[in-house]
Amino acid sequence: MKQISTVPRGTGWALYFFLLLLRFVLVWRVQPGYIHPDEFFQSVEISAGDVYGLEVFRSWEFLPHGCGPLRSIAGIGPVAHLPIWLYKRLLDGAVNLTHVSRGGSDLLTRIIFPVRLMTAVGSLWVDLFVLFGSAHLRSPYGRKRRCFLSASPPIALIIYASCTFGGLLYAGRTIANAWETAAAATFGLFSLVIIRKAQYMAATSYTCDAICICILMCLQAAFSTWAIFLRFTYPLFILPLALVEMAALWRKSRVISLIPCSLSILVAALSLHLCLLVDTAYYKNISFSHLYSNWSLSDLVCVPCRFFAYNSNSIHLAEHGLHPRYLHLLVNLPLIIGPVVVLLALYPPKQFFSVHCLFWLCVVVPLAILSTVPHQEARFLMPLIPFVAILAGDRLEALLASPRKSNLSHLWRSKWGTFITFCWFIQQTTLLLLFGMLHQGGLVRYFKSLQPPVSSDCQSYIFYHTYMPPRFPFGRYSPSILGNHCNKVTDLMGSDSSRLRHTLQRLRDSNALPTSGQLLAHVIYPGSLSPLNLNLTEFGAILATQLFFGHLSLENLPHLPPTNQVGDYSYWYSQLSLHVVSLVLR
């Protein structure tokens, strides 16, 4: 029996560390899947302009006029600006190399890689939270804990590490929801320690446990304030944990609990003050010294306040798309983590005052509140994944009704367990290939092929029926002059062919002809639109046509071929590629 029990233990940890290694390999390889425009335009695009001085596209959310600003530099700075700046110092040293001509591959490595790496490192806090959260469910009142390597890993840890929207892919992407997930999990990890220590804290004396609680609560206050500036929805995911944490301290000793509470409020106030100053100085374009000498309350830029006011307006939400209230529960949550896992996690707890009920409320309360908002996207639920994984893993272990050392083995060997594991593997592999490699993947592959800009040529890039292209891979430093069509990126989004025709005509008839070199236009579009309903030779000679394989547009799915071309490899290669047609304009 001993020999059998050691097999799943080693197999379980080997599987987890393989998934963990795969997480960092995907970061190191800079997988080309383009998940969402916010992956670039709410983080690295802004950081590339601020750190390298590149010409970038700042969306209206980062403009200090109109409805903006709605995104906090104090929020994204530590996770986007800081790693890019540190990596720049590592590569270039203390020398300030400005206006260096760089290609797309070099810029992607310099800008995307350090941010994704830091995101993946930060996701390890989520792994720790899932590990310790599962331990608290197994032994909610036990103070002593065995070494976590002495037994098979909890099923919850395998669920999170193998989840595409969790530890496998999104935990290494430059999207604010991944950072929000890490912040919520870190708060949860600290809360579990505080609640556990509060049970054994002396009610009349200030012990080491009380000092540890005080330090942890101050850390919670600091990064929670920062996380609110990062994502305004962050408080929803920590609300049940925060209330239970405060209740545990208050029930133990009202007098002693006042000290950590007072210090944490002070730390939160200082953190709030710092974040407000950073955002105000950035968006008002003034120095800290000038801000302190000419300070007034009306000058402060409170981004979370502006974000709340904007999203409280139903007209603004309608501009981004309205969805039914049940979409999060019935579609988005099963999509990101599987319907079986969701059913296991949402099964009501038997005891109300229990750790299981606490984790259950951490799923139900944010899910219910977010479902009242008419604009719903699957990525908004990412901070729920560790809580769902903990609940589902605990429920699976209870259903298996075997010693935890062999739970993974029983899961794999049982018929239902094999079926569930197979469905989970198919779903997560499909999502990984879709969002990690194929979804708009030709864009990143094309950016890697971009050469350093040549001043003698006048090149224009026209993106047609693709996701919004980031500007930093083109390596331009000086901003484009209004009316000058040279070296300009035009995003036509999903417009019709008449607008593409008008754009090419305007470029051909413009006076942007260089004194030396060529006037080039690059038309970039998904292969599923090929052949275009437009004769490009009307506007100039076709210099070259490049295909970047691995591009799937869900808005323009590939067409079924004629019967005689079903098995034609070249047809499917063209349909699943990004087409780049280079024209020499007449």
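The values are calculated or read from the model by the stated rules, or taken from the named source; none is laboratory data. What you see is a predicted model, and the numbers here were worked out from it, not measured in a lab. Methodologically, a virtual Cβ is constructed for each residue, glycine included, from the backbone with ideal geometry; neighbour enumeration extends over all protein chains shown.
Considering every residue within region 53-75, establish whether at least one is within 14 Å of the chain's Cα centre (by Cα) and over 24 Å from Ala161 (Cβ atoms). So far as region 53-75 goes, yes, one or more of its residues are within 14 Å of the chain's Cα centre (by Cα) and over 24 Å from Ala161 (Cβ atoms).
Quick grid of which residues meet (1) farther than 27 Å from Gln42 by Cβ; (2) among the aliphatic types (A, V, I, L, M); (3) surrounded by 13 or more Cβ atoms within 10 Å (Cβ to Cβ):
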| site | (1), (2), (3) |
| --- | --- |
| Thr233 | no, no, yes |
| Leu236 | no, yes, yes |
| Ile256 | yes, yes, yes |
| Leu263 | yes, yes, yes |
| Asn294 | yes, no, no |
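For beta carbons closer than 9 Å, sequence separation of 6+ or different chains, a first residue in region 331-354 that is on the phi > 0 side of the Ramachandran plot and in contact (Cβ under 8 Å) with a residue 12 or more places away in the chain and a second that is assigned to a helix (DSSP H, G or I) and not acidic (Asp, Glu), the qualifying pairs are Gly338/Ile159; Gly338/Ala392; Gly338/Ile420; Gly338/Cys423; Gly338/Trp424; Gly338/Gln427; Gly338/Gln428. A single member of Leu552, Leu557, Leu543 is farther than 30 Å from Cys458 by Cβ and either surrounded by fewer than 16 Cβ atoms within 10 Å (Cβ to Cβ) or over 38 Å from the mean Cα position of the chain (by Cα) (or both), and it is Leu557. For region 305-319, the condition of being over 23 Å from the mean Cα position of the chain (by Cα), over 30 Å from Gln199 (Cβ atoms) and not in a helix (DSSP H, G or I) holds for at least one residue. Gln376 - would you say it is within 26 Å of Arg231 (Cα to Cα) and in a loop (DSSP other than H, G, I, E, B)? When the stated conditions are applied, Gln376 passes them.
Here is a yes/no grid of residues against (1) closer than 19 Å to Met118 by Cβ; (2) basic (Lys, Arg); (3) outside the structural domain of Val44 (by TED's automatic domain parsing):
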site: Gly166; (1), (2), (3): yes, no, no
site: Gly188; (1), (2), (3): no, no, yes
site: Ile195; (1), (2), (3): no, no, yes
site: Tyr200; (1), (2), (3): no, no, yes
site: Cys212; (1), (2), (3): no, no, yes
site: Arg231; (1), (2), (3): yes, yes, yes
site: Phe237; (1), (2), (3): no, no, yes
site: Ala248; (1), (2), (3): no, no, yes
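Remark: pairs (first residue in region 278-302, in contact (Cβ under 8 Å) with a residue 60 or more places away in the chain; second residue in a helix (DSSP H, G or I) and basic (Lys, Arg); Cβ separation under 8 Å; 6+ apart in sequence or on different chains) = Val301/Lys284. Farther than 22 Å from Tyr170 by Cβ and assigned to a loop (DSSP other than H, G, I, E, B) - does that describe any residue in region 335-346? Scanning region 335-346 turns up no residue that is farther than 22 Å from Tyr170 by Cβ and assigned to a loop (DSSP other than H, G, I, E, B).
Among residues of region 27-45 being among the β-branched types (Val, Ile, Thr) and buried (at least 19 other Cβ atoms within 10 Å of the Cβ), the one that is nearest to the chain's Cα centre (by Cα) is Ile35.
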